Each structure stands twice: as C-alpha cells, then as structure tokens.
Amino acid sequence: MNKKIISTAAIIGAIAIIFGAFGAHALKKVLNLEQLATFETGVKYQMYHALFLLLVGTSVLVSEKAKKVIYYLVVFGLLLFSGSIYLLATNDLTSFDFKVIGFVTPIGGFLLIVAWLWLFFDFFNKKS
C-alpha cells in the first residue's frame, strides 16, 4: 500500500505543478483575477494533499488500515474538490455550465477533512 500511496502522491503533486503553471501562464490571459484565485485554490489543496499522502505513505505511525482509508478519502476528495474547482473556475471557457456540479465541491472538502481526522483518530487510538 505504501508504494501505491507514494506513487499517487507523486503523480498528484506533479499534476498540481503542471496545473499551477498552466494557471499562471495560459489561463492568466483568459480568466479574471477572481477566477484565477479560485483555480489557484484548487492547485493549493491538491499540493497540500499530495504532501499529506507522502506523509501517510512514509509513516510507520499510521496503521495499514488507516493508510488505505486515508488514501481513498484523499483521492476521491481531491477529484471532487479540486476537480470541481478547476471546472468552475474555467466555466466561462466552455459551452457547458459547470455550475450544475458545484454541489460536489463541499462533498470533496468534507472527504479531505475526514481523511485528516482519520489520521488523528488512528494516531490517538494507537497503543504505546
């Protein structure tokens, strides 16, 4: 599981850098400041959670069961949270109105919060 978590973290981190550069250069010309800030929020949270997965994947203090649960919470949370933010920030560039999927953003955020709390409770309940 550790190899899968660390590999996923590396891919998520690399994509965050690519999206950050894309936002700073290509999207800067076609989005307003508010849309760029929204896009950047998605990038930040994606990178934070790539680092979070690296921490979880390399830690011996986290149980294997918790690693698996945290992994899926983060992956699905990022897809819903950052993914929807990217689509909503660039909504004006397409003919499809992504505002209809805006309800998934807080669901993704909730999954990310649960991942952090899962880590806390796993560590808190660990036998010394």
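Every number here is computed from the coordinates shown, using simple stated rules; none is lab data. All values reported here derive from a predicted model rather than from experimental measurement. Note: ideal-geometry Cβ built from the backbone for every residue, glycine included; neighbour counts use all protein chains shown.
Observations
- Charge tally for L36 (other residues, Cβ to Cβ under 13 Å; Lys, Arg +1; Asp, Glu -1): 0.
- Taking each residue as 0.36 nm, the span from A21 to L117 lengthens on full extension beyond its C-alpha to C-alpha distance by 31.5 nm.
- Rounded if a/c under 1.5, otherwise prolate or oblate - region 1-65, Cα gyration tensor axes: prolate
- Counted charge near N91, where neighbours are those whose Cβ lies closer than 9 Å (Asp, Glu -1; Lys, Arg +1): -1
- Size of the chain: Rg and Dmax of its alpha carbons, in Å, are 16.0, 57.
- Degrees, to the nearest 10: 2-25 long Cα axis against longest axis of the chain: 20 degrees
- Modelled label reach - K65, point 7 Å along Cα→Cβ, region 94-128 residues with backbone N closer than 15 Å: 118-127
- Sparse-neighbourhood loop sites, trypsin sites (Lys or Arg not before Pro) in region 48-128 - DSSP loop, at most 11 other Cβ within 10 angstrom: K126, K127
- Helical mean residue ellipticity (222 nm; -39500 (n - 2.57) per DSSP H run of 4+; nearest 500) of the chain: -27000 deg cm²/dmol
- Placing pseudo-labels 7 Å out from each Cα toward the beta carbon at K29 and D92 gives an inter-label distance of 1.6 nm.
- In region 2-124, lysine pairs closer than 18 Å at Cα, eight or more apart or cross-chain: 7
- Highest-fluctuation residue, A21, A89, A115 considered, GNM on the chain with Cα pairs under 10 Å: A21
- Local net charge near A66, Cβ-Cβ under 13 Å (Lys/Arg +1, Asp/Glu -1): +2
- Relative contact order of region 1-111: 31 percent, from C-alpha pairs under 8 Å at least 6 residues apart in sequence.
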